[in-house]
Amino acid sequence: MIEKETKLKGCFVLEPKVFEDSRGYFFESFNQNTFNRLIGNTVNFIQDNESFSKKGVLRGLHYQTGDHAQAKLVRVIKGKVLDVAVDIRKNSETFGQYISIELSEENKKQLFIPRGFAHGFIVLSNTAIFSYKCDNFYNKQSEGGIIFNDKYLNIDWILNEKEFVISEKDLQLPVLKNARL
C-alpha cells in the first residue's frame, strides 16, 4: 500500500497494490498493522458503514464533537465520488481548509480522515456505493455539520448546483463560523 499525507496534517490518501490478471483483481483493502504503520498512529476501527446514492447526492459536511469525535477511513466500492475533508481543529494551522479527492471503484484509493474534520461527498457517477470505517460509535447528541456551500470554505463540488440532491437536514446546517465545534 502506498500512502501520501495531504496538506492537512494527519489526513492521508492510501492506494492499495492491486493484483490483476485474466480472472479479475485482488487487493487487500485493510490491514490494521499496515494501516497503523503507514499513518504513524494507532487507530482502532469499531464500526463499518455503507451508503448507496444516486448521481448528485451530496452528503455532508458532517462530524462528531467531543468524546464522540470520529476518525474515518473511506472508500468507494462502486461508482465515483468527490470526497471532501475540512479541517475544523480550532488550533490547527490549516483550520478551515479542505482537501477533495476523487474516490472510485477504478482507482481504489482510500482517504483517512482523523478526528477533528468535517466530511462529505458528492456522487459523480450514476450511482455509488460508499463504505467507511469509524473509530467511534455515532452519537446523535454529538453530531455537527457545516453547510455545503459555505462561502468561507468555497468548496468546488464539480457538479452544477442544480444537479445536487441534498437532505432537508443538511440544507439547514450552519456556516463554519456558526458551527458547534
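Residues in segment 15-30 that are surrounded by 11 or more Cβ atoms within 10 Å (Cβ to Cβ) and not in a loop (DSSP other than H, G, I, E, B): Glu15, Phe26.
Counting only residues that are in a strand (DSSP E or B) and surrounded by 14 or more Cβ atoms within 10 Å (Cβ to Cβ), segment 1-14 holds 5 of them. Among residues of segment 113-137 being β-branched (Val, Ile, Thr) and surrounded by 22 or more Cβ atoms within 10 Å (Cβ to Cβ), the one that is farthest from Ser167 (Cα to Cα) is Ile113. Quick one: is Arg75 under 22 Å from Asn36 (Cα atoms), more than 10 Å from the chain's Cα centre (by Cα) and of a type outside the set (Asp, Glu)? Criteria not met by Arg75. When the residues of segment 128-181 are filtered to those that are under 16 Å from Phe117 (Cα atoms), of a type in the set (Asp, Glu) and outside any strand (DSSP E or B), the one that is farthest from the chain's Cα centre (by Cα) is Asp150.
Looking at segment 31-70 only, could you name the residues that are of a type in the set (Phe, Trp, Tyr) and modelled with pLDDT under 95?
Phe35
Within segment 116-127, the set of residues being part of a strand (DSSP E or B) and within 22 Å of Phe12 (Cα to Cα) comprises Phe117, Ala118, His119, Gly120, Phe121, Ile122, Val123.
Taking strands (runs of 3 or more DSSP E) as the structural unit, those lying wholly within segment 31-112 and holding at least 2 residues that are surrounded by fewer than 17 Cβ atoms within 10 Å (Cβ to Cβ) correspond to 47-54, 72-78.
Can you find a residue that is touching a residue at least 24 places away in the same chain (Cβ under 8 Å) and of a type in the set (Asp, Glu) anywhere in segment 96-104? The answer is no, given that none of the residues of segment 96-104 is touching a residue at least 24 places away in the same chain (Cβ under 8 Å) and of a type in the set (Asp, Glu).
The values are calculated or read from the model by the stated rules, or taken from the named source; none is laboratory data. As the structure is a computational prediction, the values presented were derived from the model and not from experiment. Every residue, glycine as well, gets a Cβ built from its backbone with ideal geometry; the counts of neighbours run over all protein chains shown.
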